[in-house]
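Here the structure comes first, spelled out in structure tokens, and everything after it is commentary.
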Amino acid sequence: MNKKTIRDIPQEGLKGKKVLVRVDFNVPLDEERRITDDTRIVESLPTIRFLLEKGAKVILVSHLGRPKGKPKDEFRMDPVAKRLEELLGRKVYKANDCIGEDVEKLANALREGEVLLLENVRFYAEEEANDEHFAQSLARLADIYVNDAFGTAHRAHASTAGVAKFLPAYAGFLMEKELEALGERLNNPVRPFLAILGGAKVSSKIGVIKKLLEKVDALLIGGGMSYTFIKAMGYEVGTSLLEEGMIEEARSILAMAKERGVKLVLPEDFVVAPEGKEGVETKVVAWNAIPPDMGGFDIGPKTVEKFGREIAQAKTIFWNGPLGLFEVDLFAQGTVEIARKVAESGAVVVVGGGDTIAAIKKAGVEKKITHISTGGGASLEFVEGRVLPGVEVLLNR
């Protein structure tokens, strides 16, 4: 962690200053627009409170959902402002836009220790295009920039990277915590080091699989991506999720693991069904006996046991991606049981990715996990060794 944090700003340098903080308030909402999980807001509180205590005027900027460059009511930040106000125990002013004259007036009217939340920054296509003029409009609101949004640090957007051209840029406490946890624990792991990768696609995780094969002692692969590996070994997978274009890549990964002496463990059995929804009839079959008219939607009991044995031996575990169609309760059991085994392992455990975090919570074991990363894509790119644009632009120590 060679980046300057808000602790490195001279204490007197914050008093009365307007600080633009990029937070990740992209929280899940139900149909009534009620927040169903406020973890990301809670995680940002230490940074916000620190700045307020030092007499700063705090201006928060975030995205919510995917409005694709157009203002849409279902993506407005109002529910976030309400929840943040409850958590902070103080008034949170909410702007109806994120740039422009009216917003500048609101920012200039702030008093020391006051908070302003800007409207969804992705209402402007210029945000994701990292438009310089748009970044400058955001920068005009403040004297100092703080990035505390690790979840979007892998995106070179105006509010995550562009703003740093115009303001001195520091890391917030959440950003610092993420970089230290992922860096130290995964670059210098206590061995044996085990990685568990799930999720739908091999294609989205090729880079991280190859990087992990340089670091880990064992790699467990489950979820939708496991069927591409089974097909690469010459077996049929019925109607299971399959990436035809990745079969050769999967073969080369199997060969690479063998060459490096890494134990690559695939499922031994699956829960199969005609389709992935509640109420269908399911059965458990061996990994190489999936019926042609059925697909795999969860790992089976023998796989849970097999994976469990590897987990019990590990001293460091990195887990990203569910091991089945876990959002459907009928196919959640494998992922939830693995979550419990990981939590009881006594190992240093780092978990990344929204679905994996949801699984950890579903299993009720989040308190036993060493570090739950707020960034799925960002944590994968970090582990892969890629430069994160939102980190690169921060001031060096």
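Since every read-out is calculated from the coordinates, none of them should be taken as a lab result. Everything quoted here is computed from the prediction, not taken from an experiment. All Cβ positions, even for glycine, are placed from backbone atoms using ideal geometry, and neighbour counts span all protein chains on display.
Structure above, values below:
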read-out: DSSP bridge pairs, region 181-383: antiparallel proportion in percent, nearest 5; value: 30 percent
read-out: Label assignment, mean projected area of the Cα convex hull in nm² derived from the structure, set [x] 15.8; [y] 19.6; [z] 23.7; value: [y]
read-out: DSSP H segments from the chain that extend 18 Å or more along their own axis, Cα-based, with Kyte-Doolittle mean of 0.0 or above; value: 39-53
read-out: Region 281-298 - phi-based ³J(HN,Hα) in whole Hz, Karplus 6.51/-1.76/1.60, Gly and Pro as x; value: 7, 10, 8, 9, 10, 5, 4, 9, 9, 6, x, x, 9, 10, x, x, 10, 7
read-out: Footprinting exposure proxy for 251, 111, 122 (fewest neighbouring C-beta atoms within 10 Å first); value: 111, 251, 122
read-out: Principal axis dimensions, largest first and in whole angstrom, of region 41-136 by Cα; value: 35, 25, 20
read-out: Filter on 341/367; 205/306; 82/368; 4/211 - keep pairs with C-alpha separation over 20 Å; value: 205/306; 82/368; 4/211
read-out: Relative exposure of 133, 63, 371, 154, judged by other C-beta atoms within 10 Å (fewest first); value: 133, 371, 154, 63
read-out: For region 168-212 versus region 315-349, the gap between their alpha-carbon centres in whole angstrom; value: 17 Å
read-out: Among 81, 129, 107, residue whose mean-square fluctuation peaks in a GNM of the chain (springs only between Cα atoms under 10 Å); value: 129
read-out: Highest-fluctuation residue, 170, 227, 93 considered, GNM on the chain with Cα pairs under 10 Å; value: 93
read-out: Fraction of beta bridges assigned by DSSP in region 6-174 that are antiparallel (%, nearest 5); value: 5 percent
read-out: Relative contact order (%) - region 6-174, alpha-carbon pairs under 8 angstrom, separation at least six; value: 29 percent
read-out: Exposure rule at most 12 other beta-carbon atoms within 10 Å, DSSP loop GluC sites (Glu not before Pro): the chain longest free segment; value: 33-213
read-out: Percent antiparallel among DSSP beta bridges (both partners in the chain, rounded to 5); value: 20 percent
